[in-house]
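Novice: Dropping the structure in here first, questions after.
The values are calculated or read from the model by the stated rules, or taken from the named source; none is laboratory data. Since we're looking at a predicted model, the values are computed, not measured. Positions of Cβ are backbone-derived with ideal geometry, glycine not excepted, and every protein chain shown enters the neighbour counts.
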Amino acid sequence: MYTKFFFLHISVCKISQPRLSLVWFRFLLAGMVLLLTLVVQQPLAAQETSETSETSETEKEADKEEEISIEEQRELTIKYGIDSQILELISQLKDQKNEDYLPQLKELFATTSNTNIKSSIVGLFDSLENDGIVDRAFNQLKEYDDLDADFVLVLIHYIDDYQSDSMTSLFFEMLDDPRTGVASAALKAIGVSERKQYAQKLLELYEDQLFRDELKAPLITALGELGDPEAFELLDRIVSDEDQSKSLRWRACLALGKIGGDEAFESVSQLLNDNDPILRSYAVSALGYFDQEGSVDILIDALRDGMWRVRVQAAEALGRRQADEALDILKYKAEYDPDIRNVRLAAVRAIGKLGSNEGYNFLRELYSSQKTPAGLRTVAIEILVEDDLNDSLNVINEVFEEEWGKDKSSILDYTCKMLSTKESNKLAPLYKRMLNHPSHINLLYYGLRGVRLNNVSSLKSEVEDLTAKNISRGVQSLATKVLEEL
């Protein structure tokens, strides 16, 4: 329309004004060119808008396909992947505590002949405390004679928490296995069953002259786990016999603690002055299982023993007993015991097990002080992150501020490592700081792991920044995986 108008106008001008100046003609020609450009650009602009819209929709569809592809890719890996791919996937699922693919892995366990894959699948179900393949694992274990010892041990460890009488009977059968490790694991599993009716059978085996000497120690441990008082006579005889093997005396002492009772308490208490310091340490550990009057006082007194092993066992036993009355001496031991590597660490852990506010306050002080030995600071933050995170966030942020600008900070590194393993909706700000640290590459890894574990979608842009080409390849790879999962 515009083109026709201009040509008509020019024609009229030429007819009515035959002497039209060159300047006027050029002016009209420029106008015509401008209008022609507008006419052409209008459909092009509409086309570009349409293409942009189509591109946007395509990108959305691609994103949607990418989100779906993670699940599909994992399913395809389980169906068709080589062993290294499957093992890597199972390792990831274990780290993520991901149960989404257990049905597919259960089927794979039944069809594959690859022992490494089978072991890894069992390990995943075991770590998730899922009984989905107990029956299949048990049927597999029935062929223990033909199986690799390591695979047998994995199977035993998995099914021992789900025992039926038929399973326990198989474990008794496996005591004849020439592989000592396998037979010992079977004995341990019998103890885990906690069925006292099996204690008598173990007692008969111990007295059997044909029973292998190397299995007597794990058998004694199993007797303790079963907790049948009928085993007291044998255990007391072993622990009181100075000519008996030290290893057997140690095991018998601890087993008496687990059986309990006044007679066992008296027997164990008499060992506190034994010349063998390791036997004294076992006696102290055993006392932690008794609730007889005076047992806590005995344990507190054992914290003064000259042998560090005895003091360690006393601290652990007091923690296990959650003996609040021992807090003051445990605090003293944590700060001033001459054995830093063993006794002080045991005291710190025991304070954590007490679960008291006063104890957590003390651990926060240890953790935040630059004067505290590094090993104690790391144990303190382990406990605080696991058991008292909400009340410890302020002190953790303070340590972040103090350590952030240092070229190397082992306590900052370890703190971030611990935080990356904790499920909490309050850790996003700390993960964000980790993802933006200018130089500590470990903190980038820890931040990414924390984001993945807690599915912190609000940090998606920070994660995406770490997929750039100028970032370490390892970080890039992890960031890409995390981004796919958000």
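Novice: I'd like to know if segment 421-443 contains one or more residues that are in contact with a Lys or Arg (Cβ under 6 Å, 6 or more places away or on another chain) and surrounded by 21 or more Cβ atoms within 10 Å (Cβ to Cβ). Spell out the reasoning first.
Specialist: Residues of segment 421-443 that are in contact with a Lys or Arg (Cβ under 6 Å, 6 or more places away or on another chain), as a first pass: none.
Looking through segment 421-443, none of the residues is in contact with a Lys or Arg (Cβ under 6 Å, 6 or more places away or on another chain) and surrounded by 21 or more Cβ atoms within 10 Å (Cβ to Cβ).
Novice: Assess whether residue 278 counts as being under 14 Å from residue 217 (Cα atoms), surrounded by fewer than 22 Cβ atoms within 10 Å (Cβ to Cβ) and of a type in the set (Val, Ile, Thr).
Specialist: Answer is no for this residue.
Novice: Hey, can you tell me all the residues within segment 264-303 that are modelled with pLDDT under 95, over 20 Å from residue 246 (Cα atoms) and in a loop (DSSP other than H, G, I, E, B)?
Specialist: Answer for segment 264-303, where residues must be modelled with pLDDT under 95, over 20 Å from residue 246 (Cα atoms) and in a loop (DSSP other than H, G, I, E, B): 288, 289, 290, 291, 292, 293, 294.
Novice: Can I ask one more? Restricting attention to segment 297-340, which residues are closer than 17 Å to residue 352 by Cα and acidic (Asp, Glu)?
Specialist: 316, 324, 325, 328, 335 - these are the residues of segment 297-340 that are closer than 17 Å to residue 352 by Cα and acidic (Asp, Glu).
Novice: With the structure loaded, tell me whether residue 217 is within 31 Å of the chain's Cα centre (by Cα), aliphatic (A, V, I, L, M) and surrounded by 13 or more Cβ atoms within 10 Å (Cβ to Cβ) or whether it fails that test.
Specialist: On the way: within 31 Å of the chain's Cα centre (by Cα): no; aliphatic (A, V, I, L, M): yes; surrounded by 13 or more Cβ atoms within 10 Å (Cβ to Cβ): yes.
Considered against the rule, which asks whether it is within 31 Å of the chain's Cα centre (by Cα), aliphatic (A, V, I, L, M) and surrounded by 13 or more Cβ atoms within 10 Å (Cβ to Cβ), residue 217 comes out as no.
Novice: Let me ask another. Being surrounded by fewer than 22 Cβ atoms within 10 Å (Cβ to Cβ), under 33 Å from the mean Cα position of the chain (by Cα) and of a type outside the set (Asp, Glu) is the filter here; which residues of segment 224-246 pass it? Quick ask: steps written out before the conclusion?
Specialist: Pass one, segment 224-246, residues surrounded by fewer than 22 Cβ atoms within 10 Å (Cβ to Cβ): 225, 227-230, 232-234, 236-238, 240-246.
Filter once more, keeping what is under 33 Å from the mean Cα position of the chain (by Cα): 225, 227.
Matches in segment 224-246: 227 only.
Novice: If you don't mind, there's one more thing I want to ask. Considering only segment 418-443, state which residues are under 18 Å from the mean Cα position of the chain (by Cα) and either farther than 19 Å from residue 477 by Cβ or aliphatic (A, V, I, L, M) (or both).
Specialist: 418, 419, 421, 422, 423, 424, 425, 427, 443
Residue-by-condition table, conditions (1) of a type in the set (A, V, I, L, M); (2) crowded, with 18+ Cβ neighbours inside 10 Å:
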residue: 347; (1), (2): yes, yes
residue: 355; (1), (2): no, no
residue: 362; (1), (2): no, yes
residue: 366; (1), (2): yes, yes
residue: 385; (1), (2): yes, yes
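Condition check ((1) crowded, with 18+ Cβ neighbours inside 10 Å; (2) within 18 Å of the chain's Cα centre (by Cα)) across all residues:
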residue	(1), (2)
83	no, no
86	yes, no
90	yes, yes
105	yes, no
126	yes, yes
131	no, no
139	no, no
142	no, no
170	yes, no
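Novice: So, one more: Consider segment 415-448. How many of its residues are more than 21 Å from residue 481 (Cβ to Cβ) and assigned to a loop (DSSP other than H, G, I, E, B)?
Specialist: Matching residues across segment 415-448 total 5.
Novice: Six or more apart or on different chains, Cβ atoms under 6 Å: show the pairs whose first residue is in segment 366-379 and in contact (Cβ under 8 Å) with a residue 12 or more places away in the chain and whose second is of a type outside the set (Gly, Ala, Ser) and in a loop (DSSP other than H, G, I, E, B).
Specialist: Matching pairs, first to second residue: 366/372.
Novice: Out of 412, 393, I need the residue that is closer than 20 Å to residue 379 by Cα, among the aliphatic types (A, V, I, L, M) and in contact with a Phe, Trp or Tyr (Cβ under 9 Å, 6 or more places away or on another chain). Which one?
Specialist: On the way: 393 fails: in contact with a Phe, Trp or Tyr (Cβ under 9 Å, 6 or more places away or on another chain).
Answer to the check: 412.
Novice: Before we move on, is residue 205 among the aliphatic types (A, V, I, L, M) and either under 18 Å from residue 265 (Cβ atoms) or outside any helix (DSSP H, G or I) (or both)?
Specialist: Numbers: among the aliphatic types (A, V, I, L, M): yes; either under 18 Å from residue 265 (Cβ atoms) or outside any helix (DSSP H, G or I) (or both): no.
Against the criterion (among the aliphatic types (A, V, I, L, M) and either under 18 Å from residue 265 (Cβ atoms) or outside any helix (DSSP H, G or I) (or both)), residue 205 does not qualify.
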